[in-house]
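The values are calculated or read from the model by the stated rules, or taken from the named source; none is laboratory data. None of these values were measured; they are calculated from a predicted model. FYI the Cβ positions are ideal-geometry reconstructions off the backbone, even for glycines, and counts take in every protein chain you see. For accessibility, only protein heavy atoms count, side chains too; no ligands or nucleic acids. Shrake-Rupley method; radii C 1.70, N 1.55, O 1.52, S 1.80 Å.
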Amino acid sequence: MTVSDTKIPAADAAAPDDQRPAVPLGKRVRRLVMQLGPSRLAATILFLIVAILIARFSWQMPLVDAAERALYDARATLMAPHVEQDKRIVLVTYNDETLFNTGIRSPLDRTILANALGNIDQMGAKAIGIDIVFDSPRPDDAVLKAQLRAMKTPTWLAYAEQASNPDTIFYEQQKYLEAYQADVVTDKTKPTSVLFRTDDDSVIRKWPDRPKNLPPLMANALAPVDPAHANYQGNIRFLAPARAAKGQEEKVFSNIPIDSFAIPMDEETRAAFAEGVKGRYVLIGGDVIDNDQFNTPFSRFQDAITGQHKTMIGLEVHAHMLAQQLDNAWSRPLSSPVLWILAILIILAGGLTSLIDMRARWVAVAFLGQMAFFIAFPFWLQGKGVDTTTLPTFGWAIGWLFGYATVGTAARTVGSSQRAFAQSALGKYLPADVAAQIMRDPDQLSLHGERRNIFCVFTDLEGFTKLSHATTPETVARLLNAYLDRLSDIVLQHGGTIDKFVGDAIVAFWGAPLSRPDDGPRAAAAAIALYEAGEKFRTDLAEGVPPLGMTRVGLHVGDAIVGNFGGEGRIQYTALGDSMNTASRLEAANKGIKTGVLISAEAASRAERDDLVPMGRVTLRGRAQPVDVFTPRPDIDPERRARIAALVDAHTTGDKNAYVMGATALATEFSQDAAIMFLIERLNTTKKGESYVLS
């Protein structure tokens, strides 16, 4: 079986899968592009573009955006800076106990706020931010207004409008709030925006936008902000407490009930409280159950102490934003070009991974390395201060898989076509079931020489050389192809392997690359069918075509070396050995013995046929060892076949009387049978058990 039109290095062909040299990745890519075809290539490129878009815009895609948010929350939580309590900011809050003691829930008691502001104003705070919206009247408004007008510490009052907060304030409330603030505004007391923006899942992750009609955002109002970040809308850096173990809890921001500051204070008491206020930013608001509570990235995971998913009061969110501004800890988002480049590289990595032709352990290393990148790289960026709220990490994973599947599918499509072509090519030399088995398990096709016991068949078409000189080349090619096609089908139908074509001859064998228990009967049946097909072919020739002789067939069984043999650039799957030579000599001996099919005694003993007739012992041309040969004669009845066998046996044993009687009778009966008459002639010229030497 010749592996033609494809050069295969001999060493490569013989190497097992885990040791064969890897095909360079670039070569595999070029081969894939060349073999895909225009339509498949266009479809592959289209799917890769879709993969890139997923890897770039997953934050804007339904369902996928939920995964992106979950992954961001994990990064923001695990990579959050763990800090000691921030001494720059203090929270002063109305809590549920305050509301219970005052008996006033909504609007909040403004007298207690006025008293607290009066004391805090004398404690040296840097600035005060009040996250309470005065959008409805209270009997004690005059007391609070008077205190707000008297403030010496920069004080910022929460402002909200219906346009940007339609769910929290309606038009009449907004008008009352604006009138209230207009009545108390001084050079120290001013309005500040408390606008927050939550994502679609009601989690606050980013700084809000700054509508021009709103006053400055509370964090920007309380402390100076550099112009470059005056409209910063990146992620909020939420801080985690350094000490969060049970019994050692210390919140990031001190939270003091407002009642503590609302009591009447003398100078000594005020001085004691001033230690927690002086030089700090004081944020005043509510810390009440089910009011002004926000989900943050921390809320997705259970609290280490309570085991619950905790929310965060709006006042504390303002504190985290203010601390981020004071630290100048502005996260840097990756630019759009960088995100595009990463998306493209990741999709290419997925696609190229599907084409890796390496040992399994290195493929596993490449795969695991990329998976580690998807997991670790975003966390590393988060830890380095990169704003990852736009980082499409889940999109990268999906896009990578999409790229892997797309290129892998394209490669499998090409590979399937190649396998179909290879199986078709093998099918021209091997039976269909054998070819299919070898495609499933290539190791069964020995890529190195191995000793096998095989049945070898040689054929030859008598008179073809003469015909080739007597007709046109086109006719010769047409006739030869038709002839070989018929004979090839017979070999394959009987489960044989076509070794090679030598002019008009076919060389085939049974027992390799796969052996069967019935290889002997198959080979013998094929030998007879080849002869009969040759006879039919020559009777079917069109008029004007020179006549052809018979197709001669030789069959022998014996050991041979079977495998791939050849030079550096081309190999041939073939069988080598004395058994092949013997089969060839048997085919040639048909002409001298006047038969069409000759089968050696070794092959005949395993042929499981009862129509074989012994043709005596002969010494084949170029051979020293005699061979007992048989020929199939289904046209002779069993009784006469037995008499021919008895004749040969009498010659072998030297039973002269039996031989003479048998020979006389058979010569009369088979006077018109050239093969039997020549058998008797050969036996007459040889002594007991001697072989007839063919010239």
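Set Lys and Arg Cβ to +1 and Asp and Glu Cβ to -1, take the dipole of the chain about its Cα centre, and tell me which of T111, A646, L222 lies farthest positive.
Positive-most Cα among the choices belongs to A646.
Just name one of H82, N95, I45: the one whose Cα is farthest towards the positive end of the charge dipole of region 38-120 (beta-carbon charges, Lys/Arg +1, Asp/Glu -1).
Result: I45.
Just in region 546-645: which GluC sites (Glu not before Pro) are loop by DSSP and have at most 14 other Cβ atoms within 10 Å? If you can, show how the numbers build up before the last one.
Values: sites: E568, E587, E602, E608, E639; in loops: E568, E608.
The qualifying sites are E568, E608.
Using the Cβ atoms and a cut-off under 14 Å, what net charge is assigned to the surroundings of M123, where Lys and Arg are +1 and Asp and Glu are -1? Can you show the working numbers first?
Working: positive: K126, K152, R270, K278, R280; negative: D121, D266, E267, E268, E275.
Result for the neighbourhood of M123: 0.
Calculated FRET efficiency, D655 and D578, Cβ-Cβ r, R0 41 Å, to nearest 0.05?
Values: r = 33 Å, r/R0 = 0.80.
Working from the Cβ atoms, E equals 0.80.
Report relative contact order for the chain in percent, whole number only (criteria: Cα-Cα under 8 Å, sequence separation at least 6). Numbers along the way, then the final one.
Numbers: 1171 pairs, mean separation 102.7, N = 695.
This gives 15 percent for the chain.
Please calculate how many Å² of accessible area region 488-602 carries per residue, with a 1.4 Å probe and no DNA, RNA or ligand atoms counted.
Numbers: 4130 Å² over 115 residues.
Per residue, region 488-602 has 36 Å² of solvent-accessible surface.
Quick one: dipole size for region 242-386, taken about the Cα centre, charges +1 on Lys/Arg Cβ and -1 on Asp/Glu Cβ, in debye to the nearest 20. Working shown, then result.
Details: 12 positive and 14 negative charges, 209 e Å.
Its charge dipole is roughly 1000 debye.
Using modelled backbone amide H atoms (1.01 Å from N, in-plane), which distant-in-sequence or interchain residues come within less than 5 Å of I313's amide H?
Hits under the 5 Å cutoff: F294.
Where does the chain land at 222 nm, in deg cm²/dmol rounded to the nearest 500, when only DSSP H runs of n ≥ 4 count, each adding -39500 (n - 2.57), divided by all residues?
-14500 deg cm²/dmol
Using only Cα atoms, find the angle between the long axis of helix 393-427 and the longest principal axis of the chain, and express it within 0 to 90 degrees, rounded to the nearest 10.
It works out to around 10 degrees.
For an R0 of 30 angstrom, estimate the FRET efficiency from the Cβ-Cβ distance between T471 and R606 and round to the nearest 0.05.
Values: r = 41 Å, r/R0 = 1.37.
For T471 and R606, the calculated efficiency is 0.15.
Between region 342-385 and region 217-296, what is the separation of their alpha carbon centroids in Å?
When both Cα centres are located, 43 Å separates them.
For an R0 of 51 angstrom, estimate the FRET efficiency from the Cβ-Cβ distance between E543 and E669 and round to the nearest 0.05.
On the way: r = 37 Å, r/R0 = 0.73.
For E543 and E669, the calculated efficiency is 0.85.
Provide M615, M677 ordered by accessible surface of protein heavy atoms (probe 1.4 Å), highest first.
Values: M615 0, M677 65 Å².
Sorted descending by solvent-accessible area, the residues read M677, M615.
Using +1 on the beta carbon of Lys and Arg, -1 on that of Asp and Glu, and nothing else charged, what's the dipole of the chain about the Cα centre, debye to 20? Numbers along the way, then the final one.
Details: 72 positive and 78 negative charges, 436 e Å.
So the dipole magnitude of the chain works out to roughly 2100 debye.
In region 332-350, whose amide N lies under 13 Å from the spot 7 Å out along Cα-to-Cβ of F373? List them in ranges.
341-350
Check which residues have an amide H placed less than 5 Å from V553's amide H, if you skip close sequence neighbours.
Here the answer is V597, L598, since their amide H atoms fall under 5 Å of that of V553.
Angle check, please: helix 360-383 long axis (alpha carbons) against the longest principal axis of the chain (alpha carbons), in degrees 0 to 90, nearest 10.
Approximately 10 degrees, to the nearest 10.
Per the 1.4 Å probe, what fraction of the accessible area of the chain, in percent, lies on carbon and sulfur atoms?
57
Just how large is the dipole of region 600-693 about the Cα centre, in debye to the nearest 20, putting +1 at every Lys and Arg Cβ and -1 at every Asp and Glu Cβ? Don't skip to the end; give the middle numbers.
Numbers: 13 positive and 14 negative charges, 88 e Å.
Dipole about the Cα centre, nearest 20: 420 debye.
Filter the trypsin sites (Lys or Arg not before Pro) in region 222-294 down to the DSSP loop ones having no more than 16 other Cβ atoms within 10 Å, then list what survives. Show your work: numbers first, answer last.
On the way: sites: R237, R243, K246, K251, R270, K278, R280; in loops: R237, R243, K246, K251, K278, R280.
Listed in order of number, the matching sites are R243, K246, K251, K278.
Keeping all protein chains in place, calculate the accessible area per residue for region 242-397 (probe 1.4 angstrom), answer in Å².
Working: 7840 Å² over 156 residues.
Accessible area per residue: 50 Å².
Would you give the gap between the C-alpha center of region 572-589 and the C-alpha center of region 635-652, rounded to a whole Å?
28
Rank these by accessible area, largest first, 1.4 Å probe: H320, H309, H469.
On the way: H320 0, H309 105, H469 155 Å².
Largest accessible area first, the residues go H469, H309, H320.
Note down the nm distance, to one decimal, between modelled labels 7 Å out along Cα→Cβ at D226 and at Q302.
Between D226 and Q302, the label points sit 4.3 nm apart.
Report the accessible area of T686, computed with a 1.4 Å probe over the heavy atoms of all protein chains in place, in Å² rounded to the nearest 10.
20
To the nearest 10 degrees, how steeply does helix 336-353 sit against the main Cα axis of the chain, on a 0 to 90 scale?
Rounded to the nearest ten degrees, it is 30.
I want the antiparallel fraction of DSSP beta bridges within the chain, as a percent rounded to 5.
If we restrict to bridges inside the chain, about 55 percent are antiparallel.
Using amide H atoms built in the peptide plane, which far-off residues or other-chain residues are under 5 Å from I284 H to H?
V92, G129, I130, D131
Between their Cα atoms, which of K145/K212; K87/K126; K152/K175; K87/K251; K188/K251 are more than 22 Å away from each other? Kindly include the intermediate steps, with their values, before the conclusion.
Working: K145/K212 27 Å; K87/K126 12 Å; K152/K175 27 Å; K87/K251 11 Å; K188/K251 30 Å.
Too far apart for the 22 Å limit: K145/K212; K152/K175; K188/K251.
Rolling a 1.4 angstrom probe over the protein chains, ignoring ligands and nucleic acids, what is the accessible area of I169 in square angstrom, nearest 10?
Roll a 1.4 Å probe over it and I169 shows about 10 Å².
Just going by the charge dipole of the chain, with Lys and Arg at +1 and Asp and Glu at -1 on Cβ, which of G350, P473, M123 is farthest out on the positive end?
P473
May I ask you to evaluate 6.51 cos²θ - 1.76 cosθ + 1.60, the Karplus curve with θ = phi - 60°, for each residue of region 504-514 and list the ³J(HN,Hα) values in order in whole Hz, giving x for glycine and proline?
8, 9, 10, 10, 9, 8, 10, x, 7, x, 10
Give me the 1.4 Å probe accessible area per residue for region 113-160, excluding ligands and nucleic acids, in Å².
Here the per-residue accessible area is 34 Å².
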